[in-house]
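Asks: Below is the structure I would like to discuss, written out as structure tokens.
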């Protein structure tokens, strides 16, 4: 379980769409408090387009049998316009029988960064 977490965080930090999608089942879904619910194939290109830089610090991994893992980390996120938007987050991954992510639930408080996020992404949405 630690292997998938490490590979996921490495792919996320380097904004490597192919590497992160390789960890997901073909129909993998992400539930994000900022972006909503969408396929992993839609979510990660949007996230990476909105990101100038990110540094991740793993705090702890929690395992639930062979099909579930949650990981708590600090996401030192810089939006594409240079605005810092750091937060602490818990990602909860539901895995398929092959160990790929079927559903990823991203859990954090968006209130401190919602205005900055909305301002930085308004041009993309228009």
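The values are calculated or read from the model by the stated rules, or taken from the named source; none is laboratory data. In this text, all values refer to a predicted model and were calculated from it rather than measured experimentally. Because the Cβ atoms are built from the backbone with ideal geometry, glycine has one as well, and the counts that use them run over all protein chains shown.
Asks: Could you tell me which of the residues 11, 25, 15 is surrounded by 17 or more Cβ atoms within 10 Å (Cβ to Cβ), modelled with pLDDT of 95 or more and assigned to a loop (DSSP other than H, G, I, E, B)? Please lay out each step first, then the result.
Replies: On the way: 11 fails: assigned to a loop (DSSP other than H, G, I, E, B); 25 fails: assigned to a loop (DSSP other than H, G, I, E, B).
Among 11, 25, 15, only 15 is surrounded by 17 or more Cβ atoms within 10 Å (Cβ to Cβ), modelled with pLDDT of 95 or more and assigned to a loop (DSSP other than H, G, I, E, B).
Asks: Also, I was wondering about something else. Can you confirm whether residue 85 is modelled with pLDDT under 95, out of contact with any helix residue (DSSP H, G or I) (no Cβ under 8 Å at 6 or more places or on another chain) and farther than 17 Å from residue 3 by Cβ?
Replies: Numbers: modelled with pLDDT under 95: yes; out of contact with any helix residue (DSSP H, G or I) (no Cβ under 8 Å at 6 or more places or on another chain): no; farther than 17 Å from residue 3 by Cβ: yes.
No; evaluated as a whole, the condition is false for this residue.
Asks: State all residues of the stretch 58-87 that are in contact with a strand residue (DSSP E or B) (Cβ under 8 Å, 6 or more places away or on another chain), part of a loop (DSSP other than H, G, I, E, B) and within 26 Å of residue 120 (Cβ to Cβ); if no residue qualifies, say none. Steps first, answer last, please.
Replies: Restricting attention to the stretch 58-87, the residues satisfying the condition of being in contact with a strand residue (DSSP E or B) (Cβ under 8 Å, 6 or more places away or on another chain) are 58-64, 66-82, 84-87.
Right, trim to part of a loop (DSSP other than H, G, I, E, B) and you get 66-67, 80-82, 85-86.
80, 81, 82, 85, 86 - these are the residues of the stretch 58-87 that are in contact with a strand residue (DSSP E or B) (Cβ under 8 Å, 6 or more places away or on another chain), part of a loop (DSSP other than H, G, I, E, B) and within 26 Å of residue 120 (Cβ to Cβ).
Asks: Residue 48: buried (at least 16 other Cβ atoms within 10 Å of the Cβ) and not in a strand (DSSP E or B), yes or no? Step through it out loud before you land on a result.
Replies: Numbers: buried (at least 16 other Cβ atoms within 10 Å of the Cβ): yes; not in a strand (DSSP E or B): yes.
Yes; evaluated as a whole, the condition is true for this residue.
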